Each structure stands twice: as structure tokens, then as C-alpha cells.
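Student: Sharing a structure below in C-alpha cells format, with a few things to ask.
The values are calculated or read from the model by the stated rules, or taken from the named source; none is laboratory data. In this text the structure is predicted, and so the values were computed from the model without any measurement. No Cβ is skipped: glycine too gets one built from the backbone with ideal geometry, and neighbour counts run over all protein chains shown. Calculation scope for accessible area: heavy atoms of the full protein, side chains included, ligands and nucleic acids excluded. Shrake-Rupley method; radii C 1.70, N 1.55, O 1.52, S 1.80 Å.
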Amino acid sequence: MNKQTTRRKFLFGFIGAAFAVYITGPLAMMLKFLWPPRKAGEEATVVIAKASEVPVGSAKEKWQFEKFPAILIHNEEGFRAFAVKCTHLGCTAQWRVEYGGYKRPVLFCPCHDGIFDTKTGKVLAGPPPAALPEIQLEEKDGKIIAVRWKDLKYVKTLDVYKT
Amino acid sequence: MATLGEKFFAWFDERFNLKEDLRKILKKPVPPYATHPMYCLGGISFLCYLVLVVTGILLARYYIPTPEEAYSSVKFIMQEVTFGSLFRSIHHWAANMMIAAVVLHMFRVYLTGAFKKPRELNWIAGVALLLTTLIFGFSGYLLPWDQLSYWATTVGLQIPASIPVLGPAILKIFIGGAEVGAETLARFYFLHVFLLPMIVFMLLGMHFFMVRRQGISEPL
Ligand code: HEM
Ligand code: FES
């Protein structure tokens, strides 16, 4: 038998490989579809950080809750977490230790200068129409865990939080 | 050196002696006049059907056919399930495309005179396929159980109900009660995911068998 790779065999292999690549995408999507999604409001467990990593007066950004950017804040009263997708037009609000006339930490949205309070999530200044939604936390084995929206009904009233 | 695929095939061929039969089925040349795009419409209908079967099976994983749950389960598919809106939309558009393709296919067959002897029976199988496709779409339309589908069904059922003599009986069988309600939804769901797929499967078997036996009709 001829052990050489003929042009025909090579091309068939090539087409076969292309087809395999082509079909893997839809198949993966189907598997993903069949995987039951978590129902909204069901308990989540997002391990955010070790409590020791976030000392009083600081915050941890760049994590997500229910696919929304979120922030963990540690102040004198303890830990708090908010989703930081701005209720105005959906930019991501950021932690500022001081900002403008505020000589205390605030959450600042760079898009249209929206300012939120770090203790309540309420709007202090700028165009955002509503407070940032708070996330319920739990502490376990020295780790801070995000478990659910504090007020799911409130989240559902926010346009930029529609999924 | 045999490739993996060839070895795989050889294993079956050794046992079932498939080569000859498969060659006949797969290597049959398509007559040149039948490569015109108009002659692809039947195949396009079939492709639509396959897409509908695959996406329909996926949707059936989340859809719940009861008045309480139907609408919210569709909403769940659209808003929560990963790629849910994608697969539902593909199902939706493939259903529309299938009806268009089937009707155009029928026009092609009519305008090329392909329904004439000896293909009378295949024309009849085709009419049955057209009807089942339409009932497929009609039954699927009720399933989301919103105002649109509820009233479309209420009004649409007046079409078979207007058939002389048999009309009222047909209406009763479809509707399952005094008005469109839980029984209707159950019946339409049964039609949509069980009875019609079986009927279409059998009709397609007959359709394709006849096409193969009789060949594609020659141009006028
Ligand atoms: C074996 C094949 C099929 C299965 C298992 C299947 C299954 C389903 C299921 C579970 C639904 C409910 C989900 C929804 O409303 O989106 C649905 C909806 C629907 N199906 Fe199918 N289906 C099949 C084939 C077809 C065919 C052949 C047609 C039409 C030519 C069709 C037309 C529709 C339509 C119009 C809807 C409503 C779409 C909407 O507005 O939501 N289906 N199907
Ligand atoms: S998007 Fe945040 S202030 Fe406009």
C-alpha cells in the first residue's frame, strides 16, 4: 500500500478539520443552552476576598455579581457591597478616596460626573436617577462572600440592570 | 494506509456489506437540469425542518405546556437561558422560512408540470406535507400563550370550523373544550412535538422514496 499522503487525502483531512471546527461552535452552544441557569434571586456564592485583604478605609473593585461590576467596601461600620453599574447610563462607577469637594470616599461615575455615597449607595450628585443596588454579604472562614441582592425588587426597577 | 474513517467504515462493511447499496444511494448523479436553484427548494424545506427539529428539541427542555407556566417559561428562555433567545429565534425564523420554501417548492413543481403522471401520488404526499407544515406553524404559534397567540388561535380555528358539515366536529377535536384553554394548549403541544413530527417523518420517507424511484422530472 502507498504510505504517501496524496493531495486528495490531504484535502479531505483539511476539509474534515474545517468541518470539525465549524460544528464545534454550535455544539458547545447547545451544551451551554442545556445547562440550567440559576434563577434570579436564588442564592449565589461569589467569594470576593479574604477579610484581611481589605482593611478599613479601602475597597475591592473588579469583581462581578450576577454579571454586573461590583465593589466591596470596608468602613468603620463593617463590610458593604454594591453593584457599580451606574443607574444613569450604565458606566462603571469607581472608588475614590476623595473627590472634588468630598473629603471622604465616594463612588464616582466618570461618564457624567455621577457621585454615589459609599455607605448607602444613594446619589449625592450628578445625573444618576437612583441609588446603586446593595449586595447582601456573608462572612465565612475569614472570607467575604456575596450571596444575593439585598432588594431584588428594587434591582428589577432599574433600567440598566435589565438582563 | 487506511484512514481512521476508512477503517471504521470497513468494520461495518465487513459485517453488513454496505458498499454496494450505499454507492447506489450516495453516488447517484444529479441530472444537470435539476441543479437549477428552483430545484433546491425541496431540499431547503428539508433543511429548515432539520433545524426546527434540533432547535425544537432544545426548546422543549425548558418550555412548560400549562397555562400557568407557558408564558413565563418562554420568558425564561428569552431572558435567562444562555443562548435561549438565539435558539428560540432560530426556531421562529426557520419555521417562517420553511413555510415559504414549501410553498415555493410547490410552485416549482406545478410550473414545471412535475405533478403529472407518473408522479400523481407524490403530489398528494406533498399536499399532505404542506398541510402538516401549516398546522405545525399554527400549533406552535399558540405555545407562548400570550395575547397574540391566544387570539390568533381563537380566530384561526374558525377556518376549519367553517368547513361544511365536518367543521364543528373538527373544531371540537382541536379545541378540546368550550373555548381556547388549558385543554387546547395540551392538545396543540401534543400535536406540535409528537404527532406532527411523526407524520412529517413518515410523509418525508414516502416523498423521498418516490423521488428516488421516479427520478427528477425532465424539463418541459
Ligand atoms: C420536531 C419538530 C419540532 C419541535 C420538537 C418543536 C418544538 C417547539 C416548542 C417546544 C415550542 C415552544 C417554544 C416557543 O414558543 O418558542 C415551539 C414553538 C414554535 N414552533 Fe416548533 N417544533 C418543531 C417543529 C416546528 C415546525 C416544523 C414549525 C413550522 C413550520 C414550527 C413552528 C413553531 C412556531 C411558529 C412556534 C412558535 C414560536 C414563537 O412565537 O414562540 N415548529 N416549537
Ligand atoms: S453613566 Fe454614570 S453618570 Fe452617566
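Student: Exactly one of (1) closer than 17 Å to B:V74 by Cα; (2) without any contact (Cβ under 8 Å) to a residue 40 or more places away in the chain; (3) not aromatic (F, W, Y) is unmet by B:K172. Its number?
Tutor: Unmet for B:K172, out of (1) closer than 17 Å to B:V74 by Cα; (2) without any contact (Cβ under 8 Å) to a residue 40 or more places away in the chain; (3) not aromatic (F, W, Y): (1).
Student: Regarding the range A:99-106, can at least one residue be identified that is away from ligand 1 (no atom under 16 Å from the Cβ) and open to solvent by less than 50 Å² (accessible area, probe 1.4 Å)?
Tutor: Taking every residue of the range A:99-106 in turn, at least one turns out to be away from ligand 1 (no atom under 16 Å from the Cβ) and open to solvent by less than 50 Å² (accessible area, probe 1.4 Å).
Student: Condition test on A:G25, is it in a helix (DSSP H, G or I) and either away from chain B (no Cβ under 14 Å) or surrounded by fewer than 17 Cβ atoms within 10 Å (Cβ to Cβ) (or both)?
Tutor: yes
Student: Still on this structure, please answer the following. So which residues in the range B:72-90 are of a type outside the set (S, T, N, Q), assigned to a helix (DSSP H, G or I) and within 7 Å of another protein chain (Cβ to nearest Cβ), if there are any at all?
Tutor: Within the range B:72-90, B:G84, B:F87 qualify.
Student: Considering only the range A:128-149, state which residues are part of a loop (DSSP other than H, G, I, E, B), open to solvent by 60 Å² or more (accessible area, probe 1.4 Å) and either within 14 Å of ligand 2 (Cβ to nearest atom) or within 19 Å of A:E61 (Cβ to Cβ) (or both).
Tutor: A:P129
Student: While we're looking at this one, here's another question. Across the range B:23-49, what is the total count of residues that are surrounded by 12 or more Cβ atoms within 10 Å (Cβ to Cβ) and not β-branched (V, I, T)?
Tutor: 13
Student: A follow-up question, please. Any residue in the range A:29-44 that is modelled with pLDDT of 90 or more, more than 12 Å from chain B (Cβ to nearest Cβ) and over 20 Å from the mean Cα position of the chain (by Cα)?
Tutor: No, the conditions are met nowhere in the range A:29-44.
Conditions (1) within 30 Å of B:G84 (Cα to Cα); (2) within 14 Å of another protein chain (Cβ to nearest Cβ), marked per residue:
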| site | (1), (2) |
| --- | --- |
| A:G13 | no, yes |
| A:V56 | no, no |
| A:T92 | yes, no |
| A:K103 | no, no |
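Student: Determine whether A:K67 is within 14 Å of another protein chain (Cβ to nearest Cβ), in contact (Cβ under 8 Å) with a residue 40 or more places away in the chain and open to solvent by 60 Å² or more (accessible area, probe 1.4 Å).
Tutor: Yes, satisfied.
Student: Taking the range A:74-94 only, how many residues are buried (at least 16 other Cβ atoms within 10 Å of the Cβ) and over 15 Å from the mean Cα position of the chain (by Cα)?
Tutor: Of the residues in the range A:74-94, 4 are buried (at least 16 other Cβ atoms within 10 Å of the Cβ) and over 15 Å from the mean Cα position of the chain (by Cα).
Student: Condition first: within 16 Å of ligand 1 (Cβ to nearest atom) and either over 18 Å from B:V193 (Cα atoms) or not polar (S, T, N, Q) (or both). Can you find one or more residues in the range B:29-41 that meet it?
Tutor: The answer is yes; a qualifying residue exists.
Student: Another one. For the range B:141-155, indicate whether the set of residues that are within 14 Å of another protein chain (Cβ to nearest Cβ), away from ligand 2 (no atom under 16 Å from the Cβ) and either free of Cβ contacts under 8 Å to residues at least 12 places away in the same chain or more than 13 Å from the chain's Cα centre (by Cα) (or both) is non-empty.
Tutor: no
Student: Then there's this: If you scan the range B:141-180, which residues turn out to be under 18 Å from B:I99 (Cβ atoms), part of a helix (DSSP H, G or I) and open to solvent by less than 90 Å² (accessible area, probe 1.4 Å)?
Tutor: B:L142, B:S149, B:A152, B:T153, B:G156, B:P160
Student: I need the full set of residues from the range A:150-163 which are touching a strand residue (DSSP E or B) at 6+ places or on another chain (Cβ under 7 Å) and in a helix (DSSP H, G or I), in order please.
Tutor: Of everything in the range A:150-163, those that are touching a strand residue (DSSP E or B) at 6+ places or on another chain (Cβ under 7 Å) and in a helix (DSSP H, G or I) turn out to be A:V155, A:V160, A:Y161.
Student: Could I ask something else about it? Could you count how many residues in the range B:181-195 are closer than 13 Å to B:Y141 by Cα and open to solvent by less than 50 Å² (accessible area, probe 1.4 Å)?
Tutor: So the count comes out to 6.
Student: Continuing with this model, one more query. Just to be sure before I move on: is B:W93 more than 14 Å from every other protein chain (Cβ to nearest Cβ), surrounded by fewer than 15 Cβ atoms within 10 Å (Cβ to Cβ), of a type outside the set (A, V, I, L, M) and part of a helix (DSSP H, G or I) in the structure I sent?
Tutor: yes
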